[in-house]
Structure formats: C-alpha cells, structure tokens
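**Student:** Quick one: the structure is below, and I'll ask about it shortly.
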Amino acid sequence: MVGGQQSSLRDRARYLFDRRLARSTGTLLGWLALGCLVVVVPVSTLLVWMDPNAPRSLSGRLTAVWRTSAETLRLGVATGAPLRMLLSVLLGLIALLCVSTLVGVVTTGLGDRLAELRRGRSTVLERGHAVVLGWSEQVFTVVAESAAAQDSRGRGVVAVLADRDPAEMDEALAATLGPRRTRLVCRTGSLTDPAALALVAPGAAGSVLVLPAEDADADPEVVRILLALRPLLGAAAGPPVVAAVRDRRYLPAARLAAGPRGVVLDTDTTTARLLVQSARRPGLPAVLRDLLDVAGAEFHVIEPRTPAGLTFAEIALHFASACVVGVLGADGRPLLTPAPDSVLAAGDRLVVVAHDDTAVTPADCRGLVDPAVMAAREPSPPGPTRTLLLGWNRRAPLIVDTLRRTARPGSVLDVVTGPDDDVVPPPSPSESGADAGPLHLTHHVGDLARPETVRSFDALGYDSVIVLGPDAGPGRERPDDRTLVTLLMLRAREEESGRALPVVAELCEHRSRVLAPLGRASDAVVRGELTALLMAQISQNPTLAPVFEEVFAARGGALGLRPAGQYVLPGREASFATVVAAALRHGDCAIGYRAHTPHTARGDDGIRLCPGKSERRVWAAGDEIVVVSAPPAVSCGGAGVRDGLPGMRRKEAGDAPAAHPPDRQ
C-alpha cells in the first residue's frame, strides 16, 4: 500500500523484479538463465511433440527436447548418462564464456579504434585554409565568417582545434552554420602542444585565429598558444595570426608572443567602447554588424585609380558603388575623413566601404549633386549627457573610464549595482575630494531584480541607459537572466509612458538576443561578438587593423548617425551623391542611411549601407545618415587641431608638402 492506496499486482511484481536484479551481477546472470530456460524448454517441447517424425517413446522425446534446447542455447548435444550430459553443459558454458570474452575484447578494441578515428588524428593537407584555435561563444561567429569568406573564393576548408570531442564540435558548428560549401574539419588536442597544433597545419593556412576561453586562465593560455605557434610558422612570412585577450594587462605579452605578423585584440575594451558608443548613438550596433560581417558592406583598401591632382572631396564622388572614408598612407597609418581639399601623396591608398560582389571602379558622379537641396544649418554642438548604468561586471570600470574621458562638462553618470556584485565602482572625484571634472558620478546599491529599484530611477530622464549582467562563472550558468528581467521592467516603463527609451544591453549568449524585450530605441550587444567579427575581418585583410583601431578609438569612435536634415532639406528628393557632398562640407563621410518609416518596428530596421550614388529618395525629417566622422579636435593652445597623416597636404598653388605631424597618441 502506497499513500493509502492498494498497490497493483503489476507494480509489486515490477518492484520485486527490480530488487532481484539490483543485487549483483551473478543474480542478474541467474535470472537471465532462468528466463531463457522458461522460454526455450517449453518451446522445444512443443516442437518435438508436434513433429510427426518424433520418437514414440517418452524417453526418446525427452532426449529430442534436450537436443533441441541444447542446440538453441549452444550447450552441447551429448546424451547418455547424466554425468556425461552435465559435463557437456559445463563445456558449453565454458565455450560460451570464452567466445563472449573474445567478442567483448574485439568489440572494445574496435570501439576504441573507431573512437580514435572519430577524434581525428590525421594532419590537414589543405593549403590556404582558415585555422581556428580554441572554443568559446565566439567560435560560432568566427567559424561562420571564415566559412563565408572561404565560400566567396570557392570551396574551402575551416579547421578547428580545441580540447573537446570532434564529433560534438562538428555537430554544434553544423547546427549553427547550416548548409555550406566550405568543409569543416575538427581536431582535438592540447592547444599549447606544437604536435597537436601541427594537425591543423597552421604554416600552410591562409589565416590563424586564436580565441580566448571562458575560464580565469584564458589570457595566459592565449599567450602560451601564440608561443607554441612560433616554431610551426617559422621566421619567414606566413599567414596572419589574429588573437584576442580579455584582460588588457596581458595585451603587451600577447602581442610580443604573436610577433610582427600577429594582431591581438582586447575583447573587454572593445566591448566597453561599443557599449558607450551605442548608448550615445542608438542603432549603431546594427550598423557595425552589417559593416563587419562578410555578407554586407565592408571596409576595403584599394588603389586610387583616379586622375591625379583631385582633392579628397572630388575623389569621394568618383566612385558610384563605393563610399570613400579615408586614406591609408604608405607607412600603414590611416587617416579617416581627411580635409576635403587634401590631395593624395605617393603610395597612398583609399579606404572605402563597398560590397564584395560590386566592382569598385572610378565613375564621375559630381553631376548627380544638387546643391539646391543641401541644408545650410550647422549642427549644434553636443551638450552634457545623463547616463544610467544598471549592473556591474569586469567591463564596467572600462565603461566608466571611457565615459569620464569623453564626457562634456556637466554630464552625469548614475551607477546602480546589486548587493551581490563582486566589484564596487570607484568613487567619484567629488567623493575623494578632487575636482569633479566633466562627469559627476554617483553610486547606488539596490536589487535590480525588484521593480521598485528600477522605478526609483526615472529612466526617462536619462539620455541613455546601459544594462550590464554579471560575468559568467561558477553558479552563474545563465548570467543573462538578470539582464532580461531588467530589460523587461524598462520596457514596461517605456510602454506606460509612450516614449522611446534608449537602452543598450550587454548579453552573453546569442540566444538571449531573441528573448530580449527591446524597444524601438533599444539594442543589445552580444559579449565578444564584435571582437569575433573584427578577428574574421582582419584575418582576411590584415591591412585593415589600423583602420579598425581608428573606428573604435577610445576618444569616441568614428562611426555615427546624424539627422538627415543636417545635410539635406527634409521633404525634398535628392540623390545619395548630394548627401555625400553635403556631409563632406561638415567633415563627415556618408556611407549609408537609416530610413524611419511608420512601419519601422526597431531601430535596426531600414539600414542601408553603401547605396549607389545615383539612388534618389525623398529624405524625411526622421531619417538618419550613417557617417564616418573626423576625430575630435585636440586642444592645443586654445586652437582646435586635427592630427593628420604624413603626406597629406592642402591643394594650394605652389605650396610644399606638409611637415610630418607628431605621432598620434
């Protein structure tokens, strides 16, 4: 009886059977033997008694039953005295035990061999393939972008080496990548062992990417991997090596280990800068994803192939299908959005934004410019900002530092951390008795999972809200949960007020982005995704590394979104060439636009990068232009001075080349 109810006969029989089988292996074998006899002997008896040729005597039939049962159970068929039959059974059992043991040994050996073959121990023989070392959340983005780049050049190979089961890696990557022409090869082994690294043939590869793991020793592991790669790559020119570290303290060591051919990125710093830029420019993450993935428009470095003596403004209107954004000097130093009247020096190349499937050929588009629809007003200078930071993790100090160094006088930063957060924000300068500076920082402690904590801060009174989740670690298998709860409460506040709330959230997993309750002016940045896209881009074109350094500069970055009315008259039809020409007057390079229509559900809808110069549309007041802006002016004796690139000069009659400016910090 269980819980006051009578147990059924079936339940009691099953319980008794389970108890008997759970005792020992000998008990299990005994029950199996008894079960076989219960089935075999009666069936053998029926077969003998139903056989018309069976013996007539009872002893003869019993002998036939014995023979049939013994043949079925492979126990021997000897008849005669009971002792002789017993010895026959014993011999059959011994033979069965030997054969079973032999089959088990052979099966185990074959299984181990198949498992070894499944682990993939053969050396990759391809050349020009992409090598990905390590396993983290970034691996899916890196492999997808590398596979897409290989597909664009024909059928290729992406080799992944990690300390995991190859079948599991292949299954996980195949589920993410979907159908593809590029072949995926997974190998397992220690990433710091040169013998294991040799399995993926990094010396013959077209690019090598080293990913940081999620554990605390990830960055020292990256340094060890880069050192282990050195004997395999040799001293001669080899494939570009692109790596990433999480802690900027390991950046110098990683760059020394990578050598002259290597590029090492700082994941946390890049993510922190992106969060700050996204908070100030809603919609920027979608623009960056389009710029950095292989499928959309991308940065390229091309030869000018334009008539000599043209100014930068004229060169910008000499490509119908590409947007010129800067110059890469002969020494490899980039200059984004140079002065419109600058001319190219010998050896300079152009930095453009263009689609891979579009031929970048010169075409004079100056005739498409309509000066009559250009806006005459100057943009108003930015004022102080109010920012609300909810949550804390290891990137939060970098975010606070970036906000401090780029803030306008009178700006405010309110930080709210949970009681269980491991790191406490640094005190504001006013709290330590120093000059408060341009940013006033205050720190509050509250439970971010409680609605009253979020409601105590009037989120609508801030220019932007940044939501951070805790770092992944022991006991934090789903660190995005708190971020999703906070976003849900902010979205409810947005719906109550009927006003768009600019929110940018940092997420750990791609799957969480689909779940995030984002509003019209909100966006989510997946941790490490931008770094993964940058790694894939630089691995395909290492000359772009200094260009991306300028795009994500600590002083605020170069990408931005500006109101279309700043360049062209709202409600008037104009070509994109007119927008490009108007943007150049303000020191900006237009590379696309974001259309705002009544059907636009999210801020990342309606983005179009690198349209044709001849494309015409009616520009609405809510439309935005995607631009690459000039670096902010640097104070020098009270005058604003832009840092330039050697070889750039003004187009003036009889002037001499400009002197080399000091190195940029």
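The values are calculated or read from the model by the stated rules, or taken from the named source; none is laboratory data. What you see is a predicted model, and the numbers here were worked out from it, not measured in a lab. Methodologically, a virtual Cβ is constructed for each residue, glycine included, from the backbone with ideal geometry; neighbour enumeration extends over all protein chains shown.
**Student:** Working carefully through the options Ala205, Ala213, find the one that is crowded, with 21+ Cβ neighbours inside 10 Å and either touching a Phe, Trp or Tyr at 6+ places or on another chain (Cβ under 9 Å) or within 15 Å of Ser539 (Cβ to Cβ) (or both).
**Tutor:** Testing whether each residue is crowded, with 21+ Cβ neighbours inside 10 Å and either touching a Phe, Trp or Tyr at 6+ places or on another chain (Cβ under 9 Å) or within 15 Å of Ser539 (Cβ to Cβ) (or both) leaves just Ala205.
**Student:** Let me ask something else. In the range 457-472, what residues are within 14 Å of Arg499 (Cβ to Cβ) and not in a loop (DSSP other than H, G, I, E, B)?
**Tutor:** Of everything in the range 457-472, those that are within 14 Å of Arg499 (Cβ to Cβ) and not in a loop (DSSP other than H, G, I, E, B) turn out to be Ala459, Leu460, Gly461, Ser464, Val465.
**Student:** Please verify whether Arg273 is touching a residue at least 12 places away in the same chain (Cβ under 8 Å), touching a Ser or Thr at 6+ places or on another chain (Cβ under 9 Å) and assigned to a loop (DSSP other than H, G, I, E, B), treating the condition exactly as stated.
**Tutor:** It is false that Arg273 is touching a residue at least 12 places away in the same chain (Cβ under 8 Å), touching a Ser or Thr at 6+ places or on another chain (Cβ under 9 Å) and assigned to a loop (DSSP other than H, G, I, E, B).
**Student:** Please note which strands (runs of 3 or more DSSP E) are completely contained in the range 142-226 and include at least 2 residues that are of a type in the set (D, E, K, R).
**Tutor:** 183-188
**Student:** If I go through the range 159-206 residue by residue, how many of them are among the acidic types (Asp, Glu) and within 16 Å of Leu226 (Cβ to Cβ)?
**Tutor:** 1
**Student:** Please state which of the following conditions His444 fails to meet, knowing it meets all the rest: (1) touching a Gly at 6+ places or on another chain (Cβ under 9 Å); (2) modelled with pLDDT of 85 or more; (3) not basic (Lys, Arg).
**Tutor:** The single condition His444 does not satisfy is (1).
**Student:** While we're looking at this one, here's another question. Considering only residues that are out of contact with any strand residue (DSSP E or B) (no Cβ under 9 Å at 6 or more places or on another chain) and not small (Gly, Ala, Ser), look in the range 222-249 and name the one that is surrounded by the fewest Cβ atoms within 10 Å (Cβ to Cβ).
**Tutor:** Step by step, filter the range 222-249, then rank; the result is Arg249.
**Student:** Could you tell me whether any residue of the range 140-151 is surrounded by fewer than 18 Cβ atoms within 10 Å (Cβ to Cβ) and more than 25 Å from Thr271 (Cα to Cα)?
**Tutor:** yes
**Student:** Let me ask something additional. Does the range 303-316 include one or more residues that are touching a residue at least 40 places away in the same chain (Cβ under 8 Å), part of a loop (DSSP other than H, G, I, E, B) and under 20 Å from Leu559 (Cβ atoms)?
**Tutor:** No, every residue in the range 303-316 fails to be touching a residue at least 40 places away in the same chain (Cβ under 8 Å), part of a loop (DSSP other than H, G, I, E, B) and under 20 Å from Leu559 (Cβ atoms).
**Student:** Further question on the same structure: Just for the range 267-304: of the residues that are among the small types (Gly, Ala, Ser) and under 20 Å from Val351 (Cα atoms), which one is surrounded by the most Cβ atoms within 10 Å (Cβ to Cβ)?
**Tutor:** Within the range 267-304, the match that is surrounded by the most Cβ atoms within 10 Å (Cβ to Cβ) is Ala297.
**Student:** Taking the condition of being out of contact with any strand residue (DSSP E or B) (no Cβ under 9 Å at 6 or more places or on another chain) and of a type in the set (Gly, Ala, Ser), how many residues in the range 314-342 meet it?
**Tutor:** Residues that pass the stated criteria total 1.
**Student:** Please specify each residue of the range 563-589 satisfying the condition of being of a type in the set (S, T, N, Q) and within 10 Å of Trp619 (Cβ to Cβ).
**Tutor:** Correct list: Thr578 only.
**Student:** Let me ask something additional. Name the pairs: first residue in the range 39-52 and surrounded by 16 or more Cβ atoms within 10 Å (Cβ to Cβ), second residue not in a helix (DSSP H, G or I), Cβ to Cβ under 7 Å, at least 6 apart or on different chains?
**Tutor:** These pairs meet every condition: Val48/Ala54.
**Student:** Name the residues in the range 41-69 that are of a type outside the set (A, V, I, L, M, F, W, C) and in a helix (DSSP H, G or I), would you?
**Tutor:** Of everything in the range 41-69, those that are of a type outside the set (A, V, I, L, M, F, W, C) and in a helix (DSSP H, G or I) turn out to be Pro42, Ser44, Thr45, Ser59, Gly60, Arg61, Thr63, Arg67, Thr68, Ser69.
**Student:** Please determine, by comparing only the residues of the range 340-360 that are at pLDDT 80 or above and in a loop (DSSP other than H, G, I, E, B), which one is nearest to Val294 (Cα to Cα).
**Tutor:** Result: Asp348.
**Student:** Same structure again: Considering only the range 489-543, state which residues are crowded, with 20+ Cβ neighbours inside 10 Å, within 23 Å of the chain's Cα centre (by Cα) and of a type in the set (D, E, K, R).
**Tutor:** Within the range 489-543, Glu506, Asp523, Arg527, Glu529 meet the criteria.
**Student:** Being of a type in the set (Asp, Glu) and touching a residue at least 40 places away in the same chain (Cβ under 8 Å) is the requirement here; does Asp480 meet it?
**Tutor:** Taking the combined requirement at face value, the residue does not satisfy it.
**Student:** Checking Leu191 against (1) within 24 Å of Met169 (Cβ to Cβ); (2) without any contact (Cβ under 8 Å) to a residue 12 or more places away in the chain; (3) touching a strand residue (DSSP E or B) at 6+ places or on another chain (Cβ under 8 Å), only one condition comes out false. Which one?
**Tutor:** (2)
**Student:** Moving on to the next point. Show the residue pairs that are 6+ apart or on different chains and have beta-carbon atoms under 7 Å apart, the first residue being within the range 159-181 and among the small types (Gly, Ala, Ser), the second being in a helix (DSSP H, G or I).
**Tutor:** Filtered contacts from the range 159-181: Ala159/Val200; Ala162/Met169; Ala167/Arg118.
**Student:** Follow-up. One residue is enough: does the range 286-293 have a residue meeting the conditions under 30 Å from Leu501 (Cβ atoms), of a type in the set (Lys, Arg) and not in a helix (DSSP H, G or I)?
**Tutor:** No, the range 286-293 has no match at all.
**Student:** Considering only residues that are buried (at least 20 other Cβ atoms within 10 Å of the Cβ) and not in a strand (DSSP E or B), which ones fall in the range 564-578?
**Tutor:** Correct list: Ala564, Tyr567, Phe576, Ala577, Thr578.
**Student:** Then there's this: Among the numbered criteria (1) part of a strand (DSSP E or B); (2) outside the structural domain of Pro166 (by TED's automatic domain parsing); (3) closer than 17 Å to Leu530 by Cβ, which one does Val242 miss?
**Tutor:** The number of the failed condition is (2).
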